[in-house]
Amino acid sequence: VRAVLGVDPEQAGRERGEARGLRTTADLQEALADPAIDAVVLCSPHRFHSAQIVAAAEAGKHVLCEKPFSTTVADADVALAAVAAAGVQLGIGHERRFEPPVVELQERCRSGDLGTPLVFEGNFSQDKFLALPPDNWRLSSVEAPVGPLSATGIHLVDLAVSVLGEPVEVWARLATRATSFGNGDTLSVTLGFESGATATITAILTTPFIGRMCLLGSEGWMEIRDRSHPETPAGWDVTTRYRDGEPSTHFVPPTPAVRDNLERFAAAVESDVRYPVTPADVRATVRAFEAITRSALSGRVEPVT
């Protein structure tokens, strides 16, 4: 890490960076003009992502962007085109793809071990946002119009896409049930896929942490349960069951998935190592994100366009 770019004007933010021997700046172009910087990691509010990705790509910098990549397909297409034109590596903050049990689940789906994938179930809920000040952008109906989706739900949408492909329609219900959040605290989503498969996703911002995903197949199922929030990983309990068999549960020790994502991104920059989230995957998840947002606001089943 060579520099930290921040929009926070407080001296404390600069002091934290400088205490770690890092240069701090409030000017993205200054950072992009520095030949010592090879890549940027964007952790900015959603609406800045597309323009910042374009700027980084045009400066010849590889870029890893936090999720959601963008909130509209139009913005995603502009950013993806800039990345392709510049020939730089793209990464995305979907670190759950790098968790060992999720990798195992994807491999089981690809190999047909569970039979035909039928339904993906996922719940990624937490209460960390209760500590945010009311004016935080993550609670804004303008900056993050479907709060639970961009906070945690988008991870599960990405994982559903990774095992079931691109959805063709969605139905979402968003409510503010237990907080004053302007962009909702409770979200339920159903995604329909062309194959006939379905994904059901829950994301809540006021319940104590629960992380669970399950793939139900024609020959068996696999469930992954988090023992703690991914910020303080404690590992996973993984249960599988096949027809005519008994459930089998094993424990998977914790791994630093965020770091693994960054290192895989760096390896893809420096060698021929394939980064596992493709631009097509990124675009498919943005398409689903945009359709879920429309459905959450309209209350209707919406096509994924």
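The values are calculated or read from the model by the stated rules, or taken from the named source; none is laboratory data. These numbers come from a predicted model, not from an experiment. Cβ coordinates were reconstructed from backbone atoms using ideal geometry, including for glycine residues, and neighbour counts include every protein chain displayed. Accessible surface areas use protein heavy atoms only, side chains included; no ligands, DNA or RNA. Shrake-Rupley method; radii C 1.70, N 1.55, O 1.52, S 1.80 Å.
Check GLU66, GLU58, GLU15 and return the single one that is under 22 Å from ARG259 (Cα atoms) and without any contact (Cβ under 8 Å) to a residue 40 or more places away in the chain.
GLU66
Collect the residues in the stretch 31-49 that are part of a helix (DSSP H, G or I) and open to solvent by 20 Å² or more (accessible area, probe 1.4 Å), keeping them in residue-number order.
Residues satisfying the conditions are ARG47, PHE48.
Give me the residue from the stretch 13-30 that is open to solvent by 40 Å² or more (accessible area, probe 1.4 Å) and either closer than 21 Å to ASN136 by Cα or part of a loop (DSSP other than H, G, I, E, B) (or both) and, out of that set, modelled with the lowest pLDDT.
ARG14
Would you be able to say whether some residue in the stretch 83-104 is under 30 Å from GLU219 (Cβ atoms) and without any contact (Cβ under 8 Å) to a residue 40 or more places away in the chain?
Checked the stretch 83-104: at least one residue is under 30 Å from GLU219 (Cβ atoms) and without any contact (Cβ under 8 Å) to a residue 40 or more places away in the chain.
Would you be able to tell me the number of residues in the stretch 245-277 that are surrounded by 13 or more Cβ atoms within 10 Å (Cβ to Cβ), closer than 17 Å to ARG96 by Cβ and out of contact with any helix residue (DSSP H, G or I) (no Cβ under 8 Å at 6 or more places or on another chain)?
The number of residues fulfilling the criteria is 5.
If you go through the stretch 105-137 one residue at a time, how many are closer than 24 Å to ARG283 by Cα and without any contact (Cβ under 8 Å) to a residue 60 or more places away in the chain?
Count: 3.
Can you find, within the stretch 219-233, the residue that is farthest from the chain's Cα centre (by Cα) among those that are open to solvent by 40 Å² or more (accessible area, probe 1.4 Å) and of a type outside the set (D, E, K, R)?
TRP221
Going by what's in this entry, would ILE292 be described as in a helix (DSSP H, G or I) and open to solvent by less than 70 Å² (accessible area, probe 1.4 Å)?
yes
Can you name the residue in the stretch 190-218 that is under 19 Å from the mean Cα position of the chain (by Cα) and over 20 Å from CYS109 (Cβ atoms) and is also surrounded by the most Cβ atoms within 10 Å (Cβ to Cβ) among such residues?
My answer is ALA203.
Considering only the stretch 114-138, how many residues are open to solvent by 30 Å² or more (accessible area, probe 1.4 Å) and not acidic (Asp, Glu)?
14
If you check ARG300 against the conditions, is it surrounded by 15 or more Cβ atoms within 10 Å (Cβ to Cβ) and among the charged types (D, E, K, R)?
no
If you check SER111, SER141, which single one turns out to be at pLDDT below 95, open to solvent by 40 Å² or more (accessible area, probe 1.4 Å) and either in contact with a Leu (Cβ under 6 Å, 6 or more places away or on another chain) or among the small types (Gly, Ala, Ser) (or both)?
The conditions single out SER141.
Residues in the stretch 57-90 that are part of a helix (DSSP H, G or I) and either aliphatic (A, V, I, L, M) or within 21 Å of the chain's Cα centre (by Cα) (or both): how many?
Number of matching residues: 15.
Mind counting the residues in the stretch 296-305 that are touching a Leu at 6+ places or on another chain (Cβ under 9 Å) and closer than 19 Å to PHE69 by Cβ?
Residues meeting the conditions: 2.
Can you say whether GLU99 is buried (at least 21 other Cβ atoms within 10 Å of the Cβ) and acidic (Asp, Glu), as far as the supplied structure shows?
yes
One line per residue, one yes/no per condition, for (1) in contact (Cβ under 8 Å) with a residue 40 or more places away in the chain; (2) open to solvent by less than 30 Å² (accessible area, probe 1.4 Å); (3) more than 14 Å from the chain's Cα centre (by Cα):
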{"site": "ILE154", "(1), (2), (3)": "yes, yes, no"}
{"site": "ASP158", "(1), (2), (3)": "yes, yes, no"}
{"site": "VAL163", "(1), (2), (3)": "yes, yes, yes"}
{"site": "PRO167", "(1), (2), (3)": "yes, yes, yes"}
{"site": "TRP171", "(1), (2), (3)": "yes, no, yes"}
{"site": "LEU174", "(1), (2), (3)": "yes, no, yes"}
{"site": "ASN183", "(1), (2), (3)": "yes, yes, yes"}
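Any residue that is farther than 22 Å from THR293 by Cβ, touching a Lys or Arg at 6+ places or on another chain (Cβ under 6 Å) and not charged (D, E, K, R) - is there at least one of those in the stretch 226-245?
Yes: one or more hits.
Pairs, please: C-beta under 7 Å, at least 6 apart or cross-chain, first residue farther than 17 Å from HIS62 by Cα and part of a loop (DSSP other than H, G, I, E, B) and in the stretch 245-264, second hydroxyl-bearing (Ser, Thr, Tyr) and open to solvent by less than 90 Å² (accessible area, probe 1.4 Å)?
Close Cβ pairs (under 7 Å, with a partner that is hydroxyl-bearing (Ser, Thr, Tyr) and open to solvent by less than 90 Å² (accessible area, probe 1.4 Å)) amount to PRO247/THR239.
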